[in-house]
Amino acid sequence: MNSVLFVCTANICRSPMAEGLLKIITRDREEQWEIQSAGVWAYNDQPAAINTIKILEEYGIDLSDHRSKSITEDLLEDFYLILVMERNHKETLEIAFPDRLSKIFMLGELDGSMKDIQDPIGGSIEDFRSMAEQINTILVNQFEMIYKLSKS
């Protein structure tokens, strides 16, 4: 089985967006996938940002039942690949969970850009759309790497 955990700050914008987009990419594949998201500083049980829900609807994904969750050691154990949105997310996880270093990557590391995926919270629907396009481009273009890193 392949497993990917996306991590952002509050688990209401970027990481659920990435979760939904990767689910689209993997839905017709033969292998089984476990794809979830969490936040480094998330309040549990918060809905996704309304603009995240709207943008994912454009891609054909219903995220209306998403509820945020905070990162835990137990959650990290369940995933072979942890993809974070910003450098500070990676540093936080590496400090808190040093035994997981080999599993943690910035999404921007996969395409070599090393760019953070900027948080669109408080921005316009176009800011969310731009963020979704940035994430989707990396997921599509780097899928083979994601596939290899996320296998048991």
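General observations
- Contact order, relative form, for the chain: 28 percent (alpha carbon pairs under 8 Å, 6 or more residues apart, mean separation divided by residue count).
- In units of the compact-protein estimate 2.2 N^0.38 Å, the chain shows a Cα radius of gyration of 0.94.
- Along its principal axes, the stretch 5-80 has C-alpha extents of 31, 29, 16 angstrom, given from the largest down.
- Using 0.36 nm per residue and subtracting the Cα-Cα separation, the extra length available between Asp74 and Asp111 on full extension is 10.5 nm.
- Coordinate range along principal axes, alpha carbons of the stretch 87-127, Å, largest first: 38, 22, 11
- Applying D = kT/(6 pi eta Rh) to the stretch 57-132, where Rh is the Kirkwood radius over alpha-carbon pairs, T corresponds to 20 °C and eta to 1.002 mPa s, the Stokes-Einstein value obtained is 150 µm²/s.
- Length-normalised contact order of the stretch 25-73 in % [C-alpha pairs under 8 Å, at least 6 apart]: 46
- Loop-located GluC sites (Glu not before Pro) in the stretch 24-88 (DSSP state not H, G, I, E or B) with no more than 10 neighbouring Cβ atoms inside 10 Å: Glu30, Glu31.
- Inter-label distance, nm, simple model (7 Å from Cα along the C-beta direction), Ile95/Ser124: 3.6
- When the trypsin sites (Lys or Arg not before Pro) in the stretch 46-152 are filtered for DSSP coil states and for at most 16 other beta-carbon atoms within 10 Å of their beta-carbon, the remaining sites are Arg67, Lys115.
- With 21 Å as the limit, the listed pairs Lys23/Lys90; Lys23/Lys151; Lys115/Lys151 have Lys23/Lys90; Lys115/Lys151 beyond it between alpha carbons.
- When only Cα pairs below 8 angstrom with a gap of at least 6 residues are kept, the stretch 1-51 shows a relative contact order of 52 percent.
Bear in mind these aren't lab numbers, they're just calculated from the coordinates by the rules spelled out. Since the model is a prediction, treat every value here as computed from it, not as a measurement. Because the Cβ atoms are built from the backbone with ideal geometry, glycine has one as well, and the counts that use them run over all protein chains shown.
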